[in-house]
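None of the figures in this text is laboratory data; all of them are computed from the coordinates on show. Treat the numbers as computed from the prediction; the structure is a model and nothing was measured. Virtual Cβ from ideal backbone geometry, glycine too; neighbours counted across all protein chains shown.
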Amino acid sequence: MASGSRRGTSSSIVLLALFLLTGACGSPRPAPPVTPLTPSPVAPGAVSSSPSPAQGPVLVGPGPADLHDVDWANTPVPGAFCDVPGLVRTGAGGEAVATSRTWGTVRIQQGNEVAYGDTDGDRRDEAAVYVGCSDGAKMNAQLVAAYVVFTRKGESLAALGAITPRQKSDVFTTALAGLEFAPGRITAHEKWYRQTDAHCCPSGNADTVWTREGDGLTPGAPRVL
């Protein structure tokens, strides 16, 4: 089973991630779009650790037979990776303001890069869209980096869940530097900060294997390289 192609390269995804840093399985269930939100202040001293995103299919709209044909800029993503309820649509501008139950007012950014690969052996690629969540303040500090993984369920496009960094850092938010697809799994390449690293340049590397079982994604322990 061959791994899928990518639109873009891992290096461009790393640059996007670092730019953002500096500035239950079950049947498919439809989720309503996020309604207009009233901004609320970020709680002082909020801990910069990602919530556990729900894993399982969430229908987001019609799905073409080939996910390479999806208009990702206009495709909503579940906000669970940043503890935002419902779906968030960033649109052509690539970002939207939402309210996180953990951090208050946040900014959701969607990258242009999409990774593709077949994990279930049906000879059709799944897709993983890079997204970020920042605190929405002037410093725009990133809180969470993630890939939202999509597949086709019947005639619909469904989000299986979010891949987030598992190797934590006490300095800054760990970045995601790309994915590799293989039968039954997706390997996430992570860049994490050591105590002496500058904000621009995380020197730590780790891989986390996410296992796909049915419509669920389950992370293993990160392996520091």
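General remarks:
- Gyration tensor verdict on region 127-223 (Cα atoms; rounded if a/c is under 1.5, prolate if a/b is larger than b/c, oblate otherwise): oblate
- Cleavage-rule hits, trypsin sites (Lys or Arg not before Pro), region 105-209, DSSP coil, Cβ neighbours within 10 Å at most 13: 123, 138, 194
- Note on residue 170 and residue 92: their simple-model spin labels are 4.7 nm apart, each label 7 Å out from Cα toward Cβ.
- Rotationally averaged projected area of region 77-147 (alpha carbon convex hull; nm²): 5.3
- Here the Debye sum runs over all C-alpha atoms of region 51-189 as equal scatterers in vacuum, and log10 of I(q)/I(0) at q = 0.15 Å⁻¹ comes out as -0.70.
- Our note on the geometry: Cα centres of region 166-209 and region 93-160, 17 Å apart.
- Expected-Rg normalisation [2.2 N^0.38 Å, Cα atoms] applied to region 174-225: 1.28
- Applying 0.36 nm per residue to the separation of residue 101 and residue 195 and subtracting their alpha-carbon distance, the gain on full extension is 30.9 nm.
- Cβ crowding within 10 Å ranks 149, 209 as 209, 149, fewest other Cβ atoms first.
- Taking the number of Cβ atoms within 10 Å of each Cβ as an exposure proxy, the fewest-first ranking of 150, 172, 181 is 172, 181, 150.
- As a rough footprinting exposure proxy, the listed residues 105, 164 were ranked by other beta carbons within 10 Å of their own, and the order from fewest upward is 105, 164.
- All other residues whose Cβ lies under 11 angstrom from that of residue 144 are scored, Lys and Arg at +1 and Asp and Glu at -1, for a net of -2.
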